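The values are calculated or read from the model by the stated rules, or taken from the named source; none is laboratory data. Everything numeric here is computed off the predicted structure, so don't read it as measured data. All Cβ positions, even for glycine, are placed from backbone atoms using ideal geometry, and neighbour counts span all protein chains on display.
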Amino acid sequence: MTSRFFALIPAAGTGSRLGDETPKQYRLLAGKPMLHHAVRSLL
């Protein structure tokens, strides 16, 4: 039996409170974009 799941990752916003023009999802955390960490936690 194959299990399927879907996930919605809210990855929007400018990150203005962080004081940078780079969107939050592309800011680096431990050398990788934050979006990478969000997706990785689902796998």
- Message: Considering only residues that are closer than 17 Å to Val39 by Cα and part of a loop (DSSP other than H, G, I, E, B), which ones fall in the stretch 14-28?
- Response: Pro23, Arg27
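Here is a yes/no grid of residues against (1) out of contact with any strand residue (DSSP E or B) (no Cβ under 7 Å at 6 or more places or on another chain); (2) among the aliphatic types (A, V, I, L, M); (3) surrounded by 11 or more Cβ atoms within 10 Å (Cβ to Cβ); (4) modelled with pLDDT under 90:
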position: Phe6; (1), (2), (3), (4): yes, no, no, yes
position: Pro10; (1), (2), (3), (4): yes, no, no, yes
position: Gly15; (1), (2), (3), (4): yes, no, yes, yes
position: Leu18; (1), (2), (3), (4): yes, yes, yes, yes
position: Glu21; (1), (2), (3), (4): yes, no, no, yes
position: Ala30; (1), (2), (3), (4): yes, yes, no, no
position: His36; (1), (2), (3), (4): yes, no, yes, no
- Output the qualifying pairs, or none if there are none: Cβ atoms under 9 angstrom, residues six or more apart or on different chains, first residue in the stretch 16-34 and free of Cβ contacts under 8 Å to residues at least 40 places away in the same chain and of a type in the set (Lys, Arg), second residue surrounded by 10 or more Cβ atoms within 10 Å (Cβ to Cβ) and assigned to a loop (DSSP other than H, G, I, E, B). Lys24/Ala11; Lys24/Gly13; Lys24/Thr14; Lys24/Gly15; Arg27/Gly15; Arg27/Asp20
